[in-house]
Amino acid sequence: MIDGLSTAGGHPLEPEQLRALAARVAARPELWRPHYDPNATERGFAALHRDESVDVWAIFWLPEHDTGWHDHDTSSGAVHVVEGALEEHVLRLAQPERCRRYEVGASFTFVPSHIHRITCAAPRATSIHAYSPPLWRLGQYTLTEDGALRRVSVSYADELRPLGAAAA
């Protein structure tokens, strides 16, 4: 638990409230910096806070890290970039994906139905993620051999990465 963190007492937070929360946590490096390993060769995660309204994570990225296409089931979210840069790729039908780069100090929000993937756009990056209601499940996406989009439900504790092609 994070001292002094007050949330909505069991009520889901709106995306802009999550953005403000992620920025507040990002501004307190004593909360997330102890979890950072500068010698890591894998993406690192640290659960910083979880209550009935929200959960907050620090994620430590390397350049080859890619979450793969996913949604957040019933949770809205916000991401605040603390170090480095991230790119958010948004899935769109019948047109190319939209890609936006977020540098240090930038943030973005999303609603539960938002399908995206996040990649590291710097040698290393650190980001703070806030979700409400707290994450329990996520959906990961892949294309079948015949081009259909397939959703696979995964636990919030599973590491997100691109899925291989699914059988038709």
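The values are calculated or read from the model by the stated rules, or taken from the named source; none is laboratory data. Note that the coordinates shown come from a computational prediction; the quantities given were computed from them, not determined experimentally. Positions of Cβ are generated from backbone atoms using ideal geometry, with glycine treated the same way; all protein chains shown enter the neighbour counts. Side chains are part of the model used for accessible areas, which takes the heavy atoms of the whole protein and leaves out ligands, DNA and RNA. Shrake-Rupley method; radii C 1.70, N 1.55, O 1.52, S 1.80 Å.
D by Stokes-Einstein for segment 40-111, Kirkwood Rh over Cα pairs, 37 °C, 0.692 mPa s: 235 µm²/s. Here H129 sits with roughly 0 square angstrom of accessible surface, probe radius 1.4 Å.
Full extension of the chain between D146 and D37 gives 35.1 nm of extra length, using 0.36 nm per residue less the Cα-Cα distance. Across every pair of non-identical alpha carbons in the chain, the mean reciprocal distance, once inverted, gives a Kirkwood radius of 16.3 Å.
Let me know the charge dipole size of the chain about its Cα centre in debye, to the nearest 20, where only the beta-carbon of Lys, Arg (+1) and Asp, Glu (-1) is charged.
240 debye
Per residue, the average separation of C-alpha pairs within less than 8 Å and at least 6 apart gives segment 40-86 a relative contact order of 28 percent. Diffusion coefficient (Stokes-Einstein, Kirkwood radius over C-alpha pairs, 25 °C, 0.890 mPa s) for segment 27-75: 193 µm²/s, rounded to a whole number.
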